[in-house]
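Here is the structure we will look at, set down as structure tokens.
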Amino acid sequence: MAEEKQIDLSYRLFILALVLITVLTVSYLIKATLDYRSIPGNQPREITVSGEGKVYATPDIATVQLGVTNEGDDISVIVQKNTETMNSILKDIKDLGIDEKDIKTTQYSLSPRYDWIKGERVFKGYIITQQINVKIRDFTKIGDVLGTGTENGATLVGDLSFSIDDPEKARQEAREEAIAKAKIKAENIAEASGLKIIKLLNVQESSYDPYYYNTVMRESGLGGAIEAPVPEIQPGQQEVTITVYLTYRIR
């Protein structure tokens with residue numbers, strides 16, 4: 001029995017010694033690592049470089065805004081008048097070959113109108129407004145769409161803007177150019193500094209796709225739009241810019 005107790009005690013002492021050795025070893029390794037990193041030049045080093053890619057693409061979508069507004073004392077009368085005018089505009093736009101999916105209602109509102117007279121709010125009737133955005137894929141029809149609005153009594157015609165229906169191709173070209181420039185910049189910095197690029201750690205990207213706006217006509221008395229010759233429209237080109245940021249591990 002005494003012999004068994006002696007063996008059990010020896011085993012426990014062995015385990016305790018093993019735990020102490022492990023703790024001391026781990027502590028030493030942690031301290032050694034911290035000491036190494038505290039020496040100038042031994043910390044993991046990184047550099048971040050940027051590159052900008054820029055391409056120009058020709059817009060293939062024109063968007064115009066058309067609106068109809070009426071006001072009066074009788075809600076049913078102004079709603080009917082507004083609806084008839086807008087339906088006439090929509091019919092003629094579709095007759096021009098504009099697909100229904102390219103026509104979108106962006107506003108429809110009906111509200112009372114008040115004036116302030118001698119410090120008091122006086123009811124003056126109701127006002128109704130409906131606006132639509134029309135996408136035009138055939139630029140030769142821009143003038144026809146604008147003309148249709150004025151001829152049918154639209155009170156708002158204009159806010160013409162150009163955009164690219166699928167800008168991803170242009171973005172990809174700009175992205176590739178930006179990455180190539182950033183890589184060259186990183187290589188030049190490393191060579192000039194006597195450093196070596198180890199690996200790429202991170203990539204970030206920002207983009208800018210401006211829309212080109214050109215308000216052709218914005219006319220609006222409630223008596224109807226003023227008919228005027230529509231100028232020839234030039235879409236020009238749209239700039240697509242991508243900036244990338246590359247972070248490298250170096251030594």
Checklist outcome for this item: Given (1) among the aliphatic types (A, V, I, L, M); (2) over 28 Å from the mean Cα position of the chain (by Cα); (3) assigned to a loop (DSSP other than H, G, I, E, B), L90 misses just (3)
Item to check | Residues of the range 44-62 classified as more than 19 Å from the chain's Cα centre (by Cα), of a type outside the set (A, V, I, L, M, F, W, C) and assigned to a strand (DSSP E or B), total | outcome: 5
Checklist entry - Can you find even one residue in the range 85-97 that is surrounded by 18 or more Cβ atoms within 10 Å (Cβ to Cβ), touching a helix residue (DSSP H, G or I) at 6+ places or on another chain (Cβ under 8 Å) and of a type outside the set (S, T, Y)? => result yes
Item to check | Positions within the range 63-81 being part of a helix (DSSP H, G or I) and among the polar types (S, T, N, Q), in sequence order | outcome: S76, Q80
Checklist entry - When you go through (1) assigned to a helix (DSSP H, G or I); (2) over 25 Å from V64 (Cα atoms) one by one for P112, which number turns out not to apply? => result (1)
Item to check | Top-ranked residue in the range 124-147 [being more than 13 Å from K94 (Cα to Cα) and touching a helix residue (DSSP H, G or I) at 6+ places or on another chain (Cβ under 6 Å); ranked as surrounded by the most Cβ atoms within 10 Å (Cβ to Cβ)] | outcome: Q130
Next on the checklist: Considering only the range 158-169, I want to know if a residue exists there that is surrounded by fewer than 20 Cβ atoms within 10 Å (Cβ to Cβ), of a type in the set (A, V, I, L, M, F, W, C) and either in contact with a strand residue (DSSP E or B) (Cβ under 6 Å, 6 or more places away or on another chain) or under 21 Å from K104 (Cβ atoms) (or both).
Outcome noted: yes
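Residues checked against (1) modelled with pLDDT of 95 or more; (2) in the same structural domain as D159 (by TED's automatic domain parsing); (3) at positive phi:
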| residue | (1), (2), (3) |
| --- | --- |
| K5 | no, no, no |
| S10 | no, no, no |
| L13 | no, no, no |
| A17 | no, no, no |
| L24 | no, no, no |
| L34 | no, no, no |
| E52 | yes, no, no |
| T69 | yes, yes, no |
| K94 | yes, yes, no |
Next on the checklist: Pairs please, first residue from the range 113-138 and assigned by TED's automatic domain parsing to the domain that holds G72 and over 18 Å from I75 (Cβ atoms), second anywhere and of a type in the set (K, R) and exposed (fewer than 13 other Cβ atoms within 10 Å of the Cβ), Cβ atoms under 7 Å, 6+ apart in sequence or on different chains.
Outcome noted: I132/K104; N133/K104
Checklist entry - Would the range 147-165 turn up any residue that is in contact with a Phe, Trp or Tyr (Cβ under 7 Å, 6 or more places away or on another chain) and not in a strand (DSSP E or B)? => result no
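The values are calculated or read from the model by the stated rules, or taken from the named source; none is laboratory data. Keep in mind it's a predicted model, so treat the numbers as computed, not measured. Here the Cβ is made from the backbone with ideal geometry for all residues, glycine too, and neighbour counts use every protein chain on show.
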